């Protein structure tokens, strides 16, 4: 099943593709790689998931924020590529969690993003190499930020 069809089958609602919050491009394509800039957990109503995981909000909130971040990235891909079917696979993900110093479950939070990619692109193509790290702060107090590299179909 195509990724675009999978989005529809799962009943996922993508937000509007977010506009850059600084001097950068949302994505850059070089060769057959698509480098996606850091995205936050943008909801369809334009708001963001905010709060520091482990002190302001719980781990489930972080997971949900990471999943929503994935939906924002899918929106950017669709807006810039025309179709998610141009994606061959996830290559590398960097997931950042705005968390308290004693919070140590960053990988479980970023699973929200990774689980979504596996649902949309399949267990093989949707799962790549990954890092999940804690941050003392993220812009606008967002709960998660994710950047990712995809391989494109030729």
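Every number here is computed from the coordinates shown, using simple stated rules; none is lab data. All values derive from a computational prediction rather than experimental measurement. Cβ sites come from the backbone with ideal geometry, for glycine too, and all protein chains shown count toward neighbours.
In the stretch 115-138, whose amide N lies under 14 Å from the spot 7 Å out along Cα-to-Cβ of residue 92? List them in ranges. Answer for this model: 128-132. Return the whole-Å distance between the Cα centroid of the stretch 132-154 and the Cα centroid of the stretch 15-70. About 6 Å separates the Cα centre of the stretch 132-154 from the one of the stretch 15-70. The Cα atoms of the stretch 49-109 cover 40, 21, 14 Å along the three principal axes, with the biggest extent listed first.
Principal-axis analysis of the Cα atoms of the chain puts helix 106-121 at an angle of about 20° to the longest axis.
As an equivalent ellipsoid, the stretch 1-131 spans semi-axes of 23, 16, 15 angstrom, where each value is the square root of five times an eigenvalue of the C-alpha gyration tensor, largest first. Relative to the longest principal axis of the chain, what angle (0 to 90°, nearest 10) does the C-alpha long axis of helix 59-81 take? Between helix and principal axis, roughly 30 degrees.
Where both bridge residues fall in the stretch 56-154, DSSP classifies roughly 55% of the beta bridges as antiparallel. As a rough guide to protection, the peptides 18-27, 31-40, 128-137 ranked by mean Cβ packing within 10 Å, highest first, stand as 31-40, 128-137, 18-27.
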